[in-house]
Amino acid sequence: MFKKLMLNAGILLIGSMLLVAGVASAHVTVYPKEATQGSYEKFTVRVPSEKDIPTVKVEVKFPMDSVAVSRFEPKAGWTYQLAKDSAGKITGVTWTASGDGLASTEFGEFNMQGKVADAATQIVWKAYQTYKDGSVVEWVGADGSDKPASVTTVKAKAGPVTDSHGNVVAGQAAESSNSSSTTPLYLSIAAVVLGALSLIVSLTRKRR
């Protein structure tokens with residue numbers, strides 16, 4: 001009897017852990033999770049549906065100091081509308097289902113393209129998921145919260161290697177610099193060789 005109770009308790013515990021893991025992973029997430037400063041990226045917004053009713057609208061706001069999104073891939077069964085500031089810059093996008101939306105066993109991916117800011121260290125994507133009953137789930141919290149915003153970590157872009165005087169010494173620039181600095185030496189050697197040949201020819205003619 002005791003063994004049976006322990007077995008049932010273990011099954012319940014494993015089931016609870018799997019359920020929690022499933023809920024924890026079912027967040028609105030933006031990929032890639034890592035980008036480079038100044039790069040142009042294709043960003044994919046992955047939206048799972050966690051309720052028994054369909055997801056019919058997804059809104060994502062862009063942190064203007066971190067990324068400039070300018071292109072959006074059409075998605076069958078969905079339309080999109082852009083939000084802009086007074087200067088006409090795109091500050092966000094809202095996808096709205098023109099059909100049934102995303103059912104509880106489905107997820108959708110929405111693609112867009114943009115440029116990562118040169119000084120960005122991370123991109124925090126605030127997303128708002130609307131269900132057919134009008135309820136809204138706000139994915140805007142800090143990392144570790146119940147409804148965290150998706151974050152893309154931004155790496156520093158690689159730059160040329162310089163010496164103590166600030167001169168570039170790596171890559172093609174260094175090779176070009178080395179080639180330029182040795183050109184006068186090669187010309188001087190060629191001039192000496194030609195001069196020596198001319199002298200030899202001249203002496204040979206006089207002896208004849």
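The values are calculated or read from the model by the stated rules, or taken from the named source; none is laboratory data. Predicted, not measured: the structure shown is a model, and the values here were computed from it. Virtual Cβ from ideal backbone geometry, glycine too; neighbours counted across all protein chains shown.
One residue is enough: does the stretch 32-52 have a residue meeting the conditions surrounded by 13 or more Cβ atoms within 10 Å (Cβ to Cβ), more than 12 Å from the chain's Cα centre (by Cα) and free of Cβ contacts under 8 Å to residues at least 40 places away in the same chain? No - not one qualifying residue is present in the stretch 32-52. For the stretch 45-68, name all the residues that are outside any strand (DSSP E or B) and either over 16 Å from PHE107 (Cα atoms) or β-branched (Val, Ile, Thr) (or both). Listed by number, the residues that qualify are ILE53, PHE62, PRO63, MET64, ASP65, SER66. Within the stretch 80-90, can one find any residue that is more than 16 Å from LYS132 (Cβ to Cβ), β-branched (Val, Ile, Thr), over 15 Å from the mean Cα position of the chain (by Cα) and at pLDDT 95 or above? Yes, the stretch 80-90 contains a residue that is more than 16 Å from LYS132 (Cβ to Cβ), β-branched (Val, Ile, Thr), over 15 Å from the mean Cα position of the chain (by Cα) and at pLDDT 95 or above. Take the conditions (1) within 18 Å of the chain's Cα centre (by Cα); (2) at pLDDT below 60; ASN178 misses just one of them, which is (1). Within the stretch 69-124, the set of residues being assigned to a strand (DSSP E or B), touching a residue at least 24 places away in the same chain (Cβ under 8 Å) and of a type in the set (Lys, Arg) comprises ARG71, LYS115.
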